[in-house]
Amino acid sequence: MPFLGSLRARILGSLRAKVILGVSLILVAVMGVYTYWDMVTRIGFHLGREKSKAFEFSKMVMKSIEYPMLDGEMEDVQAILEGLRGTEGLGIVHLHDLTGTIRYSGVPDNIGRVTQSEIAKKALRTQELVEGLEKYKGGRILRYAMPIPNERACHKCHGRQEEILGVLTVGIRWTPVENRVASLRNRQILLGIVFIVVVGFFLIRRISKSVTRPILQLTRLTDEISRGNLDVSFDFGEKVKCWEVMKCDKTNCPTYGKEDALCWYLEGTLCEEGAPMGKFPEKLDECRKCRVYKMHRGDEIVQLADGFFHMTSDLKASRDELRRIYDFQRKLIESSIDGIIATDKKKNIVTFNKAAAKLFGYSREEVVGKMDVADLYAPGQAENVREHLHSDAYGGSGKLANYETTVLNKTGNEAPVRLSAGIIYEDGEVLGTVVFFQDLTERKRLERKVLESERLAAIGQGVAYISHEIKNPLMIIGGFARQVLRGVTLDGKNKEKLEIIINEVTRLEEFLSDVTDFTKLPKPKKIMASINSVVEKVCVLLKQEFEAHNVASDRSVDPNIPETLLDPRQIEQVFINILKNANEAMPEGGKVCLETHLKGKNIEIRISDTGKGIAPEDLEDIFNPFVTTKPKGTGLGLAISRKIIEDHGGDLYIESKLGEGSICVMILPVKIK
């Protein structure tokens with residue numbers, strides 16, 4: 001029965017339906033009992049009255065035929081009975097002998113018939129008055145059977161042997177009486193139903209207004225509160241302005257001028273004595289004696305609503321305070337210049353601030369709840385950090401202070417950091433870990449730059465001395481050797497030796513010139529220029545050289561890169577140095593690619609080759625001056641290139657795997673006048 005189940009669920013799930021159903025059942029029960037009692041009483045009274053009338057009528061008939069019977073004038077008896085035939089409500093009137101035969105009747109046709117009435121037979125048998133209802137011609141009659149006593153006056157005709165001479169039966173038509181009773185009953189039932197409906201309507205309306213509607217309103221308000229909406233309005237009870245009722249002028253009272261404030265719930269109210277009343281609920285007993293409280297109090301529902309209002313106000317104040325503390329802590333974390341990462345006890349990241357996003361290259365949405373903190377460290381470093389965190393080496397067990405390591409950003413590049421970490425405990429149980437990352441990339445770059453500057457200064461001093469001590473003798477040796485070669489006839493072997501001397505002198509002079517240029521590299525003369533135009537120019541210049549060494553070249557430039565401040569001549573020199581190194585790394589041919597990309601506010605230039613690559617032990621020192629892997633290299637090309645890029649505010653680094661080729665990456669900032 002789905003319908004009945006649904007109806008039962010609706011009734012049991014609604015207070016309003018329960019109240020209506022309960023009131024209705026009570027009204028129906030009370031009014032049903034009352035109506036039944038009233039109906040039974042009225043019908044009993046009505047039937048009793050009708051029976052009494054019927055009995056009196058029967059006695060009257062008996063009296064009317066008594067004297068004619070005593071005088072033996074039976075014709076008069078028959079005439080009287082026939083005269084009663086037209087009496088309203090009379091059904092039958094018979095005079096039976098002791099055998100039950102009808103001797104006289106209001107209907108002459110019945111004379112001589114033996115009665116079939118059980119009531120008449122019973123009266124003849126018991127010789128007592130018998131009454132009862134019997135069926136008669138499609139209806140019912142109330143029959144009275146009255147024995148006719150054999151009195152002394154009757155002995156001369158009937159003798160003394162019998163106690164009675166016969167039975168007089170009078171039948172009153174009872175169907176009209178029953179119809180009137182049924183009409184009375186129906187009217188009583190209808191009046192009862194109307195009364196139940198009318199009284200129920202007004203009673204339910206009153207209960208709904210004073211009970212169910214406020215409770216439903218409270219239910220809706222608590223539902224809103226459970227959803228987190230604490231800004232709900234409790235409109236219960238009479239709004240009382242305590243300062244007006246008490247004619248108060250204490251404007252510094254917390255409730256003065258606040259129509260929604262309930263002074264008995266607030267701390268520090270200035271009541272009649274003028275002193276702060278104290279805190280809720282300690283002062284509530286005193287407040288209940290106050291006229292203001294009594295005016296507002298209302299019934300229990302109003303008091304319940306006031307309690308909800310007070311709890312909601314406290315929750316709202318606590319929520320606002322927690323929100324303020326949370327916002328402050330969040331801003332504190334987000335504004336930190338150090339990357340802050342917090343994890344739960346399962347090592348899932350739960351906090352990832354802006355500095356961490358900048359350091360690692362991930363957005364907060366990519367990390368929180370999705371990554372393990374170990375994924376952010378360089379290979380093998382996560383285990384080292386975890387080991388030191390649980391040792392006493394860096395601040396004690398559960399703490400790690402000023403520990404330098406390397407992390408892995410989104411692009412796969414390693415970055416140096418100094419981290420401090422701590423394990424968070426609660427009641428001896430580990431809740432998680434918080435780690436502070438300080439990016440050391442810029443510091444390491446500056447340290448490297450300072451170290452290179454110191455090294456260059458030392459090289460510069462040495463070059464100045466070497467140039468002074470060697471350059472002049474070299475010029476003399478080279479000059480005299482050229483004069484001898486031009487002025488003296490030599491045999492082939494001696495001429496070849498002299499040419500070797502001149503070539504080596506020339507090579508030493510060029511080396512000294514390169515070293516001098518490196519130590520006295522001019523500052524870049526920056527103008528607004530296109531990096532793509534420099535790429536195109538360099539590719540054209542080196543095209544024949546690539547073809548001569550069977551090297552295929554490919555370039556891809558980003559058309560969205562804007563013009564930026566740079567020194568085109570110096571950037572061109574950097575590209576040539578890198579591309580020549582790539583060409584020389586592929587003696588048997590290969591492929592070189594040059595790409596430009598706009599990434600945020602930076603330009604990225606990538607030059608890749610398919611050469612033999614660089615060994616890891618050589619990669620660390622590749623940018624140091626005079627370090628080279630080529631037989632005739634000076635070891636200054638990459639050092640000069642990095643210095644030029646750094647003078648432009650950028651960075652240059654090389655990624656390489658032995659046997660797989662190398663990739664030189666240059667980063668230049670986009671700068672506009």
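Any read-out appearing in this document is the output of simple, stated calculations on the displayed coordinates, not a laboratory observation. A quick note: this is a predicted structure, and the numbers were derived from the prediction, not measured. Here the Cβ positions follow ideal geometry from the backbone for every residue, glycine too, while neighbour counts run over all protein chains shown.
Think of the chain as a dipole: +1 on every Lys or Arg Cβ, -1 on every Asp or Glu Cβ, centred on the Cα centre; then among GLN573, LEU284, SER336, LEU284 lies furthest on the positive end.
The magnitude of the dipole of the range 336-439, with charges of +1 and -1 set on the Cβ of Lys/Arg and Asp/Glu and taken from the Cα centre, is near 280 debye. Label zone of LEU184 (point 7 Å out along Cα→Cβ, amide N under 16 Å): in the range 35-78 this covers 35-55.
Angle between the Cα long axis of helix 2-12 and the longest principal axis of the chain, 0 to 90 degrees, nearest 10? It is inclined by approximately 90 degrees. Using alpha carbons only, how many degrees (0 to 90, rounded to 10) separate the axis of helix 175-207 from the longest principal axis of the chain? Tilt relative to the chain: about 30 degrees. Placing unit charges on the Cβ atoms of the charged side chains and taking the dipole of the chain about its Cα centre, the candidate lying farthest along the positive direction among MET62, ILE207, ALA401 is MET62.
Computed over the range 367-428, the quotient of the alpha carbon radius of gyration and 2.2 N^0.38 Å is 1.19.
Hey, what did the range 54-149 get for relative contact order, percent, Cα under 8 Å, at least 6 apart? Mind showing how you got there, number by number?
Numbers: 116 pairs, mean separation 16.3, N = 96.
Normalised by residue count, the contact order of the range 54-149 is 17 percent.
Other residues with beta-carbon under 11 Å from the beta-carbon of LEU619 carry, at +1 per Lys or Arg and -1 per Asp or Glu, a net charge of -4.
Between the helical axis of 15-70 and the longest alpha-carbon principal axis of the chain there is an angle of about 10 degrees. Here the relative contact order of the chain, from alpha carbon pairs under 8 Å that lie six or more residues apart, stands at 6 percent. Of all DSSP bridge pairs formed entirely within the range 527-669, close to 80 percent run antiparallel.
When all alpha-carbon pairs of the range 123-238 are counted, what percent fall beyond 20 Å?
The proportion of pairs with Cα distances above 20 Å equals 72 percent.
Rounded to 0.05, the FRET efficiency of the ASP327 and ILE502 pair, given R0 = 60 Å and the Cβ-Cβ distance, is 0.15.
Computed per residue of the chain from DSSP H runs no shorter than four, each worth -39500 (n - 2.57), the mean residue ellipticity at 222 nm is -16000 deg cm²/dmol.
When the C-alpha to C-alpha distance is required to be over 31 Å, the pairs from LYS346/LYS657; LYS209/LYS289; LYS250/LYS316; LYS316/LYS358 that qualify are LYS346/LYS657; LYS316/LYS358. As a ratio to 2.2 N^0.38 Å, the alpha-carbon radius of gyration computed for the chain takes the value 2.36.
Quick one: grab the alpha carbon gyration tensor of the range 47-137, order the square roots of its eigenvalues as a ≥ b ≥ c, and give me rounded if a/c is under 1.5, else prolate or oblate depending on whether a/b is larger than b/c.
rounded
Basic side chains Lys and Arg get +1 at the Cβ, acidic Asp and Glu get -1 at the Cβ, and with that the dipole of the range 514-613 about its Cα centre reaches some 380 debye. Directionally averaged projected area (the range 527-669, Cα convex hull): 8.1 nm².
Using bins of 5 Å that start at zero, the share of Cα-Cα pairs per bin across the range 12-229 amounts to 1, 6, 11, 13, 12, 8, 6, 6, 5, 5, 5, 4, 4, 4, 3, 3, 2, 1, 1, 1, 0, 0, 0, in whole %.
Length available on full extension from LEU70 to TYR653: 0.36 nm per residue minus the Cα-Cα distance, which gives 194.4 nm. For the range 336-439, rounded, prolate or oblate, judged on the Cα gyration tensor with a ≥ b ≥ c (square roots of eigenvalues), a/c < 1.5 rounded, else prolate if a/b > b/c? Taking the square roots of the gyration eigenvalues as a ≥ b ≥ c, the range 336-439 is oblate.
With neighbours defined as other Cβ atoms within 10 Å of a residue's Cβ, the residues ARG448, ARG185 order from fewest to most as ARG448, ARG185. Here is the list for the range 559-617: trypsin sites (Lys or Arg not before Pro) lying in DSSP coil, each with at most 10 other C-beta atoms within 10 angstrom of its C-beta, are LYS601. Each Lys and Arg contributes +1 and each Asp and Glu -1, all at the Cβ; summed about the Cα centre of the chain, the dipole is approximately 2380 debye.
From the residues ILE603, SER183, ALA421, which one has its Cα farthest along the dipole of the chain in the positive direction, the dipole being from +1 and -1 charges on Cβ of Lys/Arg and Asp/Glu about the Cα centre? So the residue we want is SER183. Which GluC sites (Glu not before Pro) in the range 567-604 pass both tests, a DSSP loop state and at most 16 other beta-carbon atoms within 10 Å? For GluC sites (Glu not before Pro) across the range 567-604 that sit outside H, G, I, E and B with at most 16 neighbouring Cβ atoms in 10 Å, the list reads GLU588. Over 32 Å apart at the Cα level, from the set LYS493/LYS580; LYS523/LYS580; LYS543/LYS612; LYS543/LYS599; LYS399/LYS643; LYS612/LYS643, are LYS493/LYS580; LYS399/LYS643.
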